[in-house]
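**Student:** Here it is, the structure, as structure tokens.
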Amino acid sequence: MTDTPLKFGFVCVQNAGRSQMSAAFAERERTRRGLEDAVEILTGGTDPADEVHPEVVEAMAERDIDLSGRVPRAVSDDELNSCTVVATMGCSTLELDADVAVHDWALDDPHGQSVKRVREIRDEIEGRVADLFDEYTD
């Protein structure tokens, strides 16, 4: 691992579902691995919603992660270009610098989905975030 902090970006259109879950799991993973000083986490959307989707808040609460106070935010290309890696959720047309690794996770939008489907998406995100940490921090 280098002395330069890693910076993980998680982005989707509304920043109200998939990218919020990804960032929350990344924050938890960072703490679990003792990497608070080594990994920065950024999340945002290209057209942010007014709130995190209620079904996402509910599904994450089942994992003891509270997203009820989070507010979707816009993210700029400059912010994303400062990242080591950016995970998009299958809905991105971002144009990032060549030195930013981009992982397109192509995940279904949880908005309006059944609780069962939101849980499936959540669990897939949790695994992908752990894999991302394995890839970049080992």
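**Student:** Of all residues in the range 1-35 being modelled with pLDDT of 95 or more and among the charged types (D, E, K, R), which is nearest to A101 (Cα to Cα)?
**Tutor:** Applying the filter and picking the extreme gives K7.
**Student:** In addition: Within the range 38-58, can you find the residues that are out of contact with any Ser or Thr (no Cβ under 8 Å at 6 or more places or on another chain) and buried (at least 21 other Cβ atoms within 10 Å of the Cβ)?
**Tutor:** Scanning the range 38-58 gives H53, V56.
**Student:** Please enumerate the residues belonging to the range 1-24 that are in a helix (DSSP H, G or I) and hydroxyl-bearing (S, T, Y). Break it down into steps so the answer makes sense when it comes.
**Tutor:** If we filter the range 1-24 for residues that are in a helix (DSSP H, G or I), which is where we start, we get 18-24.
The answer is S19, S22.
**Student:** Separate question: Considering only residues of the range 79-138 that are touching a helix residue (DSSP H, G or I) at 6+ places or on another chain (Cβ under 6 Å) and of a type in the set (K, R), which is surrounded by the fewest Cβ atoms within 10 Å (Cβ to Cβ)?
**Tutor:** Residue satisfying both the conditions and the ranking: R119.
**Student:** Check H111 against each of (1) farther than 26 Å from P5 by Cα; (2) free of Cβ contacts under 8 Å to residues at least 24 places away in the same chain; (3) not aromatic (F, W, Y) and name the one condition it does not meet.
**Tutor:** Status for H111: all satisfied but (2).
**Student:** Do we find that V13 is touching a residue at least 60 places away in the same chain (Cβ under 8 Å), closer than 24 Å to E135 by Cα, surrounded by fewer than 24 Cβ atoms within 10 Å (Cβ to Cβ) and in contact with a strand residue (DSSP E or B) (Cβ under 8 Å, 6 or more places away or on another chain) in this structure? Working first, answer last.
**Tutor:** On the way: touching a residue at least 60 places away in the same chain (Cβ under 8 Å): yes; closer than 24 Å to E135 by Cα: no; surrounded by fewer than 24 Cβ atoms within 10 Å (Cβ to Cβ): yes; in contact with a strand residue (DSSP E or B) (Cβ under 8 Å, 6 or more places away or on another chain): yes.
When the stated conditions are applied, V13 does not pass them.
The values are calculated or read from the model by the stated rules, or taken from the named source; none is laboratory data. Worth saying up front: this structure is predicted, and the values here are computed from it rather than measured. Quick reminder, even Gly has a Cβ in these numbers, built from the backbone with ideal geometry, and neighbours come from all protein chains shown.
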